[in-house]
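Working notes, structure below.
The values are calculated or read from the model by the stated rules, or taken from the named source; none is laboratory data. The shown structure was predicted, so the numbers you read here are calculated from the model rather than taken from an experiment. Positions of Cβ are generated from backbone atoms using ideal geometry, with glycine treated the same way; all protein chains shown enter the neighbour counts.
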């Protein structure tokens, strides 16, 4: 494992980045199919289960299974996006119109760099997180880059030169800016808890997980139980930040046709789509790292002990794989939760969104922060 | 009518926070997630057709294989969208059922015009035209969507008959003829 952590060379970094993107991109694509399936099951339908290449239908068990879960619909959809005619409407500002979906992808795929997605136990018994860039600003980088995503929405709405797109873009930007405050304020208690006063501070996400892996009752408690209000505010703000129902202001297909991407089609539209799912994946990843114990399988069961149970404690490669699997499973559960909520709760009105954001969530986040500031100050006195 | 004035209660704190409602909704949807599908896999699974269903209009024969239509053209006249077109014809003297005298030479129902109202079935004095269970028709051209006489009999088949009206008429006529002689 030495070469993976210490040997820092350009090609290796590029390879690692590409490997992560190669997981993210299909995962985001698979999420779109999962969305359709979950939607269908919730509505008592089987969902897409028809497409299958005739030669794959001959494979005994796997063929019908893949057909049933709609795997080939996913492939067909992807191919369709590639081969469809790229329509650029006449009234748009062409340069910005093309730039917007590209701009949507960049922050969506960049934030993954500072998000640890697993860990292994090094030779000295310390936990080494698996991540592209183990930087101390961690979460701040996620927030800083992810909030750039709003520019693509504004740009798309503006460049489309259409009322629906413009309204969608404006709504989305107002919403994202409103909820970013609550989002940021809600995670501060976590880092107040992690960082001892006077000591070296960190906003690294891996440190948050390490703190949830400590021995003892309070050490192993996930922050979800320690700071439920923080988790709730973060989760709600996360729904708003990722433009998911019930905060689907940017799209609101009932009143704005398609919102900011009304004028988009084919591959450019699919880029927006994938970017949205990438934001969801990263967002739920951050939520899991901060509040749901990251790669620790269960509360009060840190990864190291779990590895001991499995009898693989001495094998860093296996421990790393297990941690990544646990983390990915948690992400998929979170994404399922996103979908579950989407097909349950109708969209809020715009005024409701603003009222929740400014008059409920923000005061709640501030009060929560004050509570933990005072509480932690009293505890450490 | 008495007017009942309901007092509109102010929303409680829990209701204003939306969260209990969202949780209740989530509980309902997760139940549906695991409940069996309510849909049919259509071409493979077909719905059960209830009795009295008004499907594609068809012509039927009686259990003896006699075509029941006597080309009276009542259905043609009653048809609101004028989907039925009949060319009346005769029955040769040598035929067993010559006493019926008339049968359709051509009987076309344009399924692009038919509105499945069932008036033709209702008006038919011979119980010869029935809207049966077939609900799905398709074709590549307008011509294909016109059901001709052969096709109508093929779709209709034979339905049970309790009257045997023309057999009884023939028998009565024969008896009457015997009495006169």
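Checking residue A:359 against (1) farther than 30 Å from residue A:162 by Cβ; (2) in contact (Cβ under 8 Å) with a residue 12 or more places away in the chain; (3) within 14 Å of chain B (Cβ to nearest Cβ): exactly one of these is not met. Which one?
(2)
If I go through segment A:342-381 residue by residue, how many of them are assigned to a loop (DSSP other than H, G, I, E, B) and over 15 Å from residue A:191 (Cβ atoms)?
Qualifying residue count for the region: 8.
Residue-wise test of (1) more than 23 Å from residue A:131 (Cα to Cα); (2) crowded, with 21+ Cβ neighbours inside 10 Å.
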site: A:204; (1), (2): no, yes
site: A:208; (1), (2): no, yes
site: A:214; (1), (2): no, no
site: A:226; (1), (2): yes, no
site: A:245; (1), (2): yes, no
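If you scan segment A:314-342, which residues turn out to be over 22 Å from residue A:194 (Cα atoms) and in contact with a strand residue (DSSP E or B) (Cβ under 7 Å, 6 or more places away or on another chain)?
A:316, A:319, A:320, A:324
Taking the criterion of being within 26 Å of the chain's Cα centre (by Cα), within 21 Å of residue A:244 (Cα to Cα), within 12 Å of chain B (Cβ to nearest Cβ) and surrounded by fewer than 16 Cβ atoms within 10 Å (Cβ to Cβ), would at least one residue in segment A:21-33 satisfy it?
Looking for residues that are within 26 Å of the chain's Cα centre (by Cα), within 21 Å of residue A:244 (Cα to Cα), within 12 Å of chain B (Cβ to nearest Cβ) and surrounded by fewer than 16 Cβ atoms within 10 Å (Cβ to Cβ), one finds none in segment A:21-33, hence no.
Got at least one residue in segment A:312-335 being within 14 Å of chain B (Cβ to nearest Cβ), free of Cβ contacts under 8 Å to residues at least 40 places away in the same chain and at negative phi?
Checked segment A:312-335: at least one residue is within 14 Å of chain B (Cβ to nearest Cβ), free of Cβ contacts under 8 Å to residues at least 40 places away in the same chain and at negative phi.
For segment A:35-54, which residues satisfy the criterion of being assigned to a helix (DSSP H, G or I), within 9 Å of chain B (Cβ to nearest Cβ) and within 16 Å of residue A:67 (Cβ to Cβ)?
Selection gives A:40 alone.
Output the residues belonging to segment A:55-69 that are within 14 Å of chain B (Cβ to nearest Cβ) and either surrounded by 15 or more Cβ atoms within 10 Å (Cβ to Cβ) or within 21 Å of residue B:30 (Cβ to Cβ) (or both).
Once the filter is applied, which keeps residues that are within 14 Å of chain B (Cβ to nearest Cβ) and either surrounded by 15 or more Cβ atoms within 10 Å (Cβ to Cβ) or within 21 Å of residue B:30 (Cβ to Cβ) (or both), segment A:55-69 yields A:67, A:68.
Taking the condition away from chain A (no Cβ under 13 Å) and either surrounded by 14 or more Cβ atoms within 10 Å (Cβ to Cβ) or closer than 30 Å to residue B:149 by Cα (or both), does residue B:4 pass?
When the stated conditions are applied, residue B:4 does not pass them.
Checking the conditions here, which among B:101, B:127 is surrounded by fewer than 19 Cβ atoms within 10 Å (Cβ to Cβ) and farther than 20 Å from residue B:56 by Cα?
The match here is B:101.
Looking for whichever is more than 22 Å from residue B:54 (Cβ to Cβ), outside any helix (DSSP H, G or I) and without any contact (Cβ under 8 Å) to a residue 40 or more places away in the chain here; the options are B:96, B:172, B:176. Which one fits?
On inspection, the qualifying residue turns out to be B:96.
With the requirement that a residue be more than 13 Å from chain A (Cβ to nearest Cβ) and either closer than 15 Å to residue A:341 by Cβ or part of a loop (DSSP other than H, G, I, E, B) (or both), what does segment B:12-55 give you?
B:12, B:46, B:47, B:48, B:49, B:50, B:51, B:52, B:53, B:54, B:55
Cβ-Cβ below 6 Å, separation at least six or inter-chain, first residue in segment A:136-155 and farther than 19 Å from residue A:234 by Cα, second at pLDDT below 80: which pairs?
Pairs found: A:136/A:202; A:136/A:204; A:153/A:250; A:153/A:260.
Here's the yes/no breakdown for (1) closer than 15 Å to residue A:289 by Cα; (2) in contact (Cβ under 8 Å) with a residue 60 or more places away in the chain; (3) in a helix (DSSP H, G or I):
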{"site": "A:193", "(1), (2), (3)": "yes, yes, yes"}
{"site": "A:203", "(1), (2), (3)": "yes, yes, no"}
{"site": "A:211", "(1), (2), (3)": "yes, no, yes"}
{"site": "A:229", "(1), (2), (3)": "no, yes, yes"}
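So, residue B:12, is that one without any contact (Cβ under 8 Å) to a residue 24 or more places away in the chain and either closer than 30 Å to residue A:37 by Cβ or surrounded by 12 or more Cβ atoms within 10 Å (Cβ to Cβ) (or both) or not?
No.
Tell me the residue from A:132, A:139 that is over 20 Å from residue A:247 (Cα atoms) and crowded, with 20+ Cβ neighbours inside 10 Å, please.
A:139
Of all residues being more than 10 Å from every other protein chain (Cβ to nearest Cβ) and free of Cβ contacts under 8 Å to residues at least 40 places away in the same chain in segment A:336-356, which is surrounded by the fewest Cβ atoms within 10 Å (Cβ to Cβ)? Just the residue, please.
Ranking the candidates gives A:351 first.
For segment B:151-165, enumerate the residues that are within 15 Å of residue B:132 (Cβ to Cβ) and outside any loop (DSSP other than H, G, I, E, B).
B:151, B:152, B:153, B:154, B:155, B:156, B:158
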